[in-house]
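Visitor: This is the structure I want to talk about, given as structure tokens.
The values are calculated or read from the model by the stated rules, or taken from the named source; none is laboratory data. All of these numbers come straight from a predicted model, not from anything done at the bench. Positions of Cβ are backbone-derived with ideal geometry, glycine not excepted, and every protein chain shown enters the neighbour counts.
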Amino acid sequence: MPLKYENIVEMKNITKEFPGVKALTDVDLDVRKGEVHALVGENGAGKSTIIKILMGVYTKTSGQIFIEGEKVDFKSPLQAQRYGLGAVYQDVNLAQHLSVAENFFMGKLPKTKLGFVDYKYMCDETKKVLDSIEVYVNPKSIIKTLSVAQQEMVSIGKILHQKSKIVIFDEPTALLTNDETEQLFRIIKLLKEKDVGILYISHRLEEIFQVCDRVTVLKDGFKVDTLDVNDTNEDDLINMMVGRSVENMYEIERIVPGDIVLGVKNLSSGKTFQDINFNVKKGEIFGMYGLVGSGRTEIVRSIFGADSKESGTITVKGQEVDFKSPKDAINAGIALLPENRKDEGLALILSVSTNINMASIENISSKGIIDNKKGYKVAGDFIDILKTRTPSIHQRVQNLSGGNQQKVVISKWLAKGSDIFIFDEPTVGVDVGAKREIYKIFEELIKQEKAIIVISSYLPEVMGLTDRMLIMHEGKQMAILDKSEFSEEYILKLASGFK
Amino acid sequence: MDKVNENSKEVQKVKFYKSGIKTEMYLLIILAILFIVLALNSPVFLTASSLKTLLRQASIYGIVAIGMVFVITSAGIDLSVGSVVGLSGVLTAIFIMQGLPIPLAIIISIAAGAFIGLINGILIHDGKVPPFIATMGTMTVTRAIIMLITGAKMISGLPKSFTGIAQKTVLGIPFLFVSWIVVVIIAWFITHKTVFGRNIYALGSNKEAARLSGIDVRKTTYGVYIFSAFVCSIAGILLTTRLGNGVPTSGTGYELDAIAASVVGGASLDGGEGSVIGTVLGAMIMATLRQGGTLLGINSFIVEIIIGSLIVVAVLIDKLRKN
């Protein structure tokens, strides 16, 4: 007997516009019962947007969604859940202080005849579900005592318990070891047997060939194609993902790099990263590329003295250094512009002027007493130089756009007179126009013989901007490439762990 | 590319002045209205002796509130203020009764009070104990120590040369109020003009950003709690001169008035925001309400209802205005 609805999910002509950006254009996507459907594409291709539309987090601009043939229009994630959609995110969504069983029954705790919580029923039911996917965790265990992998398995169990018919996995293996990944794949196969439709997102292309049936490739908000995994291979997929022309967006004037200003030798920190070796020269833009969790941010934080290192040596301008705190690194001329601007880079409710002067307050003060006029002048000067758009130097930084906030952070370090600039994801949350302006600032910096390290998940950006690039995979240094050796396919391969 | 050029051509004027009415302005208006209403309804309100009582009353916990606004601005809280007030007050009385010269007794007592602040700083920064818990602990312990060393008995018989301080005036202004003003000026100077002061705001607004900008978080945290304990010790000694005795329970409950004055004055418990002048006005408004209530014979519980509502409304208005 043919199944009534072979396609459990059908998304047709989905378009999503954000103010000024078209994130998705006419994308079709369908998931069959008992199928694992992979969704691949670079950062910014629109993967998370389409998932969020399906889950009811975003509303679509146009297009139609059918669940088991029924047309739906989710206004909230709760509504999507009621239709049997569940998602497993890489940062697991469980209440850390409650038990496994309580998480399973959250919001609908069963009661005994006396009106008390029926723990026995809860634990029995939880155990049944977990047994069915061969996850052996005590239902009474508190979530935070479990390993990341166990937590992930528990959240899969929770989704099953909610009788989800469609499960979305967003980078599920990012934090898992090989053995744990194997277990996850076994669970996915069990889910398939239960006729659950699975949407699988991963940067690790090799996994797609291990567990998926079909694959849809997205690029710049368009669907490139949907293929049977048997009809394609990794190289083809990468080609489809990156086949784009890099505009002159990244063209900047360069100088011939000078002496080495920063040297890193055998730098290691436990499991996070091991044996990292590189150096950066004056007037050079040095790139660091790797997938999320590959250790890029941790390396620069440890160079900056923000996190401790286990072993290895760091030299700045030929001298070996041992930074105990960011303060030491800053005084040696290093500046870190963190990935998470709002949480780590800026004091949002304070003024533009206060933020710009934050690292160099001793320049505008003597014996602990500040000359505010001097500080205002410094702020005003850098606002002019970097063309930061703010109504006043007293404006709260939180009222500025992403690009202008980034300029405030850059101003802070220019005011300090730093000469090694570490940019972690410099253009996240920055619109296209402001991106170009920030790249122009890079040009100014290298003209002044400052050294720049750029970390970015956006391959065209690191490739376009940098002179040399270090490629990371799971805490290991895969290679350092010269500009002449840059090729998207090669870099992606290295970053995925292939030599 | 067009967009970039367009943006860079934009003629930009950077303003160097601050705009918008500040919280302090609103508070000043409320205080003025209160004064007018009371003056119209009570013939004695504007007399010298009534005003002096008002200023004396406001001054002591006004000083405590100045320490509190530092702590709140740094995204902390200091519940131990009342106990520190009690400790320094009682210690001064004990030392004087044992025959120590008054200045020496005062210095030792202030040092002892400031030491409680240092402990708070260590617990909070190095021990990573949440400020609420750490200072609740030192509050309880300090109060118990006071009770132990005094046997929960009042220390009386202090010499006139000490108890007279409270009644002293400078150019007709009560000495207690003058002390408050001195503390306020110093605090205003610290918050506006010193590296330490600006670092308090940076720390309170975003601790991680402050650390990654090279700010010494430990030094700033210690500084804030020591400053709070330091001014509380001064307040405690002034309170003892006013009471004329070393009272073991003195200062109890001051933490709440101090928090209220800071918050009415525009401080945010999330940190990063706090105004010395606003806190002064907040303390004045609360003291005026209490004084006015007494003069007009309003049931004191009604006055407390008004003060309680004022605290909540002040914060509500501030939140609405900012959104």
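Visitor: Quick check on A:E437: is it acidic (D, E) and more than 11 Å from chain B (Cβ to nearest Cβ)?
Guide: Against the criterion (acidic (D, E) and more than 11 Å from chain B (Cβ to nearest Cβ)), A:E437 does not qualify.
Visitor: Additional query: For segment A:301-354, give me each residue that is away from chain B (no Cβ under 13 Å), surrounded by fewer than 15 Cβ atoms within 10 Å (Cβ to Cβ) and in a loop (DSSP other than H, G, I, E, B).
Guide: Listed by number, the residues that qualify are A:S308, A:E310, A:G318, A:D322.
Visitor: I've got another one for you. Select the helices (runs of 4 or more DSSP H) contained entirely in segment A:63-178, then report the ones holding at least 2 residues which are surrounded by 19 or more Cβ atoms within 10 Å (Cβ to Cβ) and of a type in the set (V, I, T). If you could, list the steps in order and put the result at the bottom.
Guide: Numbers: elements: A:77-82, A:100-104, A:119-132, A:148-161.
Hits in segment A:63-178: A:119-132, A:148-161.
Visitor: Tell me the strands (runs of 3 or more DSSP E) entirely within segment A:396-499 that contain at least 3 residues that are at negative phi, buried (at least 22 other Cβ atoms within 10 Å of the Cβ) and out of contact with any Asp or Glu (no Cβ under 9 Å at 6 or more places or on another chain).
Guide: Values: elements: A:420-424, A:451-455, A:468-473, A:476-482.
Where strands (runs of 3 or more DSSP E) fall fully within segment A:396-499 and carry at least 3 residues being at negative phi, buried (at least 22 other Cβ atoms within 10 Å of the Cβ) and out of contact with any Asp or Glu (no Cβ under 9 Å at 6 or more places or on another chain), they are A:420-424, A:468-473.
Visitor: Moving on to the next point. Of the residues A:I393, A:I349, which single one is touching a residue at least 24 places away in the same chain (Cβ under 8 Å) and more than 18 Å from A:L414 (Cβ to Cβ)?
Guide: On the way: A:I393 fails: more than 18 Å from A:L414 (Cβ to Cβ).
When all the criteria are applied, what remains is A:I349.
Visitor: Scan A:D328, A:D343 and give me the residue that is without any contact (Cβ under 8 Å) to a residue 12 or more places away in the chain and of a type in the set (D, E).
Guide: A:D343
Visitor: Return the only residue of B:V231, B:V224 being away from every other protein chain (no Cβ under 14 Å), under 18 Å from B:H125 (Cα atoms), under 19 Å from the mean Cα position of the chain (by Cα) and β-branched (V, I, T).
Guide: Just a single option satisfies the conditions, and that option is B:V224.
Visitor: Kindly evaluate B:V11 against the criterion of being at pLDDT below 85, surrounded by 14 or more Cβ atoms within 10 Å (Cβ to Cβ) and within 14 Å of another protein chain (Cβ to nearest Cβ).
Guide: It is false that B:V11 is at pLDDT below 85, surrounded by 14 or more Cβ atoms within 10 Å (Cβ to Cβ) and within 14 Å of another protein chain (Cβ to nearest Cβ).
Visitor: Take A:I393 and tell me if it is facing chain B (nearest Cβ under 9 Å), over 30 Å from the mean Cα position of the chain (by Cα) and under 23 Å from B:A75 (Cα atoms).
Guide: Taking the combined requirement at face value, the residue does not satisfy it.
Visitor: Tell me which residues, restricted to segment B:165-210, are more than 9 Å from chain A (Cβ to nearest Cβ) and polar (S, T, N, Q).
Guide: Listed by number, the residues that qualify are B:Q167, B:T169, B:S179, B:T191.
The rows are residues; the columns are (1) over 26 Å from the mean Cα position of the chain (by Cα); (2) closer than 17 Å to A:I14 by Cα.
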site	(1), (2)
A:T59	no, yes
A:S62	yes, yes
A:K71	yes, yes
A:L78	no, no
A:Q81	no, no
A:E102	yes, no
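Visitor: Give the number of residues within segment A:369-390 that are without any contact (Cβ under 8 Å) to a residue 40 or more places away in the chain, crowded, with 19+ Cβ neighbours inside 10 Å and more than 8 Å from chain B (Cβ to nearest Cβ).
Guide: The total comes to 5.
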